[in-house]
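Asker: Can you keep this structure in mind? I'll have questions shortly.
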Amino acid sequence: MSGLRRLFRGARLIDPDSGRDAIGDVITVGDRIAAIGADISGDGLGADIEIIDLEGLCLAPGLVDMRVQLREPGAEHIESIESGSQAAAAGGVTTMVALPNTEPPVDDVSVVEFLARRAREVKLAKIHTYAAATKGMAGKELTEIGLLAGSGVVGFTDGVKAIANALVMRRVLAYARTFDQLIVQHPEEPSLGGAGEVTEGEIATRLGLAGVTPAAEVILVERDLRLVAITGARYHVAHVSTEAAIDAIRNAKAHGLPVTCDTAPPYFTLNETAIGDYRTFAKLSPPLRGERDRQAVVAGLADGTIDAIASDHSPWDQDSKRLPFSSASCGIVGLETLLPLSLELHHNRHLSLIDVLRRLTIAPARILGLGVGRLAVGAPADFVVFDPDARFRIQTERFRSKSKNAPFDGRPAQGRVALTVVDGRTIFERAAA
Amino acid sequence: MDHYAYRHRHLLGIDGLTPEDITHVLDLADTYVEMNRQAEKKKSLLRGRTLINCFFENSTRTRTSFEVAGKRLGADVINMAVAVSSMRKGETLIDTAMTLNAMHPDVLVVRHPESGAVQLLSEKVDCAVINAGDGSHEHPTQALLDALTIRRRKGKLGGLTIAICGDVLHSRVARSNIALLNAMGARVRVVAPRTLLPAAVEHLGVEVFHDMAEGLVDVDIVMMLRLQQERMHGSFVPSTREYFHFFGLDYDKLKVAKPDALIMHPGPMNRGVEIGSEVADDIDRSLIRQQVEMGVAVRMACLELMARDFGNGPAIK
């Protein structure tokens with residue numbers, strides 16, 4: 001190994017993959033971790049090593065965010081690979097996977113190559129992409145799954161649209177299985193949802209908004225699970241949000257189906273009351289749920305049914321959100337709040353710190369088949385340094401993301417990223433307060 | 001051959017034929033191959049007999065092959081393209097069968113887009129019926145001509161390893177070939193993306209592969225199937241480009257096969273989709289033109305067997 005040598009000294013090393021949680025040091029050489037442990041910073045390191053004292057801060061594998069929208073190409077005024085990467089760096093995210101719902105969509109090898117080139121130019125967090133499962137995400141015809149897989153995509157999804165037609169889904173799964181590719185589903189039966197503005201119930205009724213039954217989620221998931229049983233394809237449910245769907249996935253896992261799922265922080269930190277007085281920043285797809293479902297998401301994370309936490313970063317400009325509720329776009333930005341909002345699970349004693357980090361690092365990395373998300377000799381030198389207890393208030397206007405659409409402005413939080421390292425390079429360092 | 005008798009009134013499928021039946025057809029067809037290469041190729045075996053080619057689905061190759069076979073045996077051959085007549089007018093299949101039957105044909109050669117339709121028709125007529133392809137079910141004369149082609153080149157069928165590649169799901173050629181080759185003791189593989197394989201295909205006695213690099217290892221014969229145009233763009237496979245990349249036959253994919261492996265295709269070929277031109281046109285390895293030649297001989301043999309049943313053939317001891 002050659003390249004820049006750096007010693008990160010005196011950190012609380014937390015590696016969910018190995019179970020390590022102890023004070024120690026990390027030495028990086030070039031883009032790899034060269035040494036790790038308690039007694040590696042003695043004599044003989046030489047003078048050319050850069051020393052960074054971490055004074056007991058937590059050092060964990062960089063976060064692996066398996067669901068972001070970067071809006072490039074096509075809507076760079078809302079977010080770009082550059083601005084999204086800056087947001088990722090500030091959030092401690094060292095690897096992220098973009099959805100294919102750009103303009104043009106990622107349904108052709110040339111778009112994958114464009115994204116790879118832009119990621120190399122920006123050179124901050126590592127960027128991977130899913131490709132569309134169907135051409136133009138129209139839900140009808142398969143994309144070139146084999147050729148796209150060969151170009152390096154990590155899975156296939158129609159992004160924020162469900163693959164609705166059962167026969168098309170079966171063929172997508174069967175064909176993807178031929179190439180051992182992951183299929184990611186947006187779990188909402190569209191024929192039940194329509195606009196799908198809010199979860200149906202008292203709040204929707206009082207606000208006069210068109211509610212969608214929360215059963216729209218489990219209906220699609222259960223259908224897909226039957227198709228997974230037929231085809232044997234690897235299947236991942238994005239942002240699960242209901243007790244029924246989580247139960248279905250738990251049951252499928254118990255039967256040995258190749259199924260995984262993630263959720264996003266809004267689904268365990270907020271419930272449908274966050275909509276309040278038509279707050280479009282709390283309009284998501286799937287919509288925020290009732291309190292019982294929120295608690296089921298927490299329980300699913302605690303028992304491991306929910307494998308991963310993704311930011312579900314969905315930037316929108318003012319024009320997309322300053323609209324009547326029904327007309328507003330769905331989604332919130334999440335890259336810069338992924339860690340502190342997830343750490344609420346730890347501070348509220350639902351999950352241990354290492355288990356929260358597991359769902360943010362090695363678990364998504366394994367689902368995606370990426371060799372990141374762990375602290376080990378020879379692994380990529382991607383990590384995040386943070387103080388899990390540091391108190392602050394979320395300030396959306398300070399987001400590096402071009403878009404500020406999040407319902408968390410002013411929320412007290414704990415756990416701030418101090419330093420983000422990718423391939424041994426510091427890509428973010430918080431200025432001293 | 002003294003103790004052999006072909007016991008079937010019709011030829012509806014390979015399923016139901018014994019290895020002895022198949023061997024007998026192939027032996028008989030061998031004699032017709034030689035005859036067809038002579039300048040004088042006419043026999044009077046079917047003189048005075050009427051053969052109706054009744055095609056409910058477009059076909060040029062198979063229909064012409066049966067027409068040539070029938071004429072060389074002296075039959076009066078009538079071609080009916082039913083796809084453009086009665087069906088359009090709403091006549092049911094059974095009505096069409098009864099109409100044809102009233103004309104007292106001796107042999108009906110039938111192709112129909114629906115599986116099982118030829119058998120249904122055969123139950124309603126008094127003459128012999130040869131299945132020239134029914135839906136995704138059977139195409140027995142294709143399998144017999146493929147077997148004859150292989151046997152003449154390799155000297156045998158038993159013990160060979162044969163890979164059938166491509167759209168097995170919709171292919172009657174694949175089903176008939178799987179049945180015949182298994183009956184004759186060959187080892188049969190199918191190689192296709194999962195979207196082009198029928199459920200439980202492994203129960204038909206084949207080894208299943210999804211990767212040409214594995215499925216073609218050490219095979220003696222590579223049998224490519226035609227990918228129908230309407231299945232190329234998205235519904236079963238994403239594109240012809242991707243299909244050719246992963247499942248189209250070229251020299252690169254062929255190099256894991258035996259050095260003397262031979263290539264077959266029932267035609268018509270989609271060049272650059274399931275097969276590359278350089279392979280299809282390789283005179284040392286491609287049997288595609290021989291298949292057409294064997295087709296006429298095999299159909300003459302089948303017609304002769306039908307003829308025996310109605311007394312025109314040589315007496316059976």
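Asker: For the B and A pair, go ahead and give the buried accessible area with a 1.4 Å probe, both sides summed, in Å² to 100.
Answerer: The buried area between B and A, both sides summed, comes to about 1400 Å².
Asker: What is the list of residues in the range A:170-203 whose amide nitrogen lies under 12 Å from a point 7 angstrom out from the Cα of B:GLU214, following Cα to Cβ?
Answerer: Residues passing the 12 Å test: A:178-180.
Asker: Separate question: Ignoring ligands, DNA and RNA, what accessible area per residue does the range A:63-368 give at 1.4 Å, in Å²?
Answerer: For the range A:63-368, the solvent-accessible area averages 33 Å² per residue.
Asker: With a 1.4 Å probe and all protein chains kept in place, how do B:THR92, A:THR396 rank by accessible area, largest first?
Answerer: Ranking B:THR92, A:THR396 by accessible area, largest first, yields B:THR92, A:THR396.
Asker: Express the relative contact order of chain B as a whole percentage, based on alpha carbon pairs under 8 Å and six or more residues apart in sequence.
Answerer: Reported relative contact order: 20 percent.
Asker: Quantify, in whole percent, the carbon and sulfur part of the accessible surface of the protein assembly as shown (1.4 Å probe; protein heavy atoms only).
Answerer: Summing carbon and sulfur atoms, their accessible area is 49 percent of the total for the protein assembly as shown.
Asker: Turning to a different aspect of this structure: Looking only at chymotrypsin sites (Phe, Trp or Tyr not before Pro) in DSSP loops with at most 16 other Cβ atoms within 10 Å, what is the longest site-free stretch of chain B?
Answerer: The longest uninterrupted stretch comes out as B:5-309.
Asker: Please report, in cubic angstrom per residue, the volume enclosed by the convex hull of the alpha-carbon atoms of the range A:284-369.
Answerer: Here the figure is 117 Å³ per residue.
Asker: Here's a follow-up. Using only the alpha-carbon atoms, how far is helix B:288-309 inclined from the longest principal axis of chain B? Give it as 0 to 90 degrees, nearest 10.
Answerer: With both axes taken from Cα atoms, the answer is about 30 degrees.
Asker: Taking beta carbons within 10 Å but only from partner chains, what does the mean come to for residues A:164-173?
Answerer: 2
Asker: Span-like helices, chain A: DSSP H, alpha-carbon axial extent 30 Å or more, mean Kyte-Doolittle 0.5 or greater, which ones?
Answerer: none
Asker: With only Lys, Arg, Asp and Glu charged, each at its Cβ (+1 for the first two, -1 for the last two), find how big the charge dipole of the protein assembly as shown is about the Cα centre; round to the nearest 20 debye.
Answerer: Roughly 1380 debye, rounded to the nearest 20.
Asker: Kindly list the residues of the range A:374-416 that lie in the label zone of A:ARG349, defined by a backbone N under 20 Å from the point 7 Å along the Cα-to-C-beta vector.
Answerer: A:388-390, A:413-415
Asker: Dipole magnitude of the range A:63-368 about its Cα centre, charges +1 at Lys/Arg Cβ and -1 at Asp/Glu Cβ only, in debye to the nearest 20?
Answerer: Result for the range A:63-368 is approximately 580 debye, rounded to the nearest 20.
Asker: A further question follows. Give the value in nm², to one decimal: projected area of the alpha carbon convex hull of the range B:17-136, averaged over all directions.
Answerer: Answer in nm², one decimal: 8.1.
Asker: What does the charge add up to near A:LEU207, with Lys and Arg as +1, Asp and Glu as -1, over the other residues with Cβ less than 12 Å from its Cβ?
Answerer: That works out to -2.
Asker: With the crude spin-label approximation of a point 7 Å out along Cα→Cβ, what separation in nm comes out for A:ARG9 versus B:LYS71?
Answerer: 9.7 nm
Asker: May I pose another question? Suppose all protein chains stay in the model; what accessible area per residue would a 1.4 Å probe give for chain B, in Å²?
Answerer: 41 Å²
Asker: Let me know the number of lysine pairs in the range A:63-368 closer than 23 Å at the Cα, not counting same-chain pairs under 8 apart.
Answerer: Close lysine pairs under the 23 Å cut-off: 5.
Asker: Beyond 23 Å, what share of the Cα-Cα pairs of the range A:63-368 is found? Please give it as a whole percent.
Answerer: More than 23 Å apart: 53 percent of the Cα pairs in the range A:63-368.
Asker: So for the range A:188-246, taking the charge dipole from beta-carbon charges (+1 Lys/Arg, -1 Asp/Glu), which of A:LEU209, A:VAL198, A:HIS236 sits furthest toward the positive end?
Answerer: The residue sitting farthest along the positive end of the dipole is A:HIS236.
The values are calculated or read from the model by the stated rules, or taken from the named source; none is laboratory data. Here the structure is a predicted model, which is why all the values come from computation and not from measurement. Glycine gets a Cβ as well: all are built from the backbone with ideal geometry, and neighbour counts include every protein chain shown. Heads up: the accessible areas ignore ligands, DNA and RNA and are worked out on the full protein's heavy atoms, side chains in. Shrake-Rupley method; radii C 1.70, N 1.55, O 1.52, S 1.80 Å.
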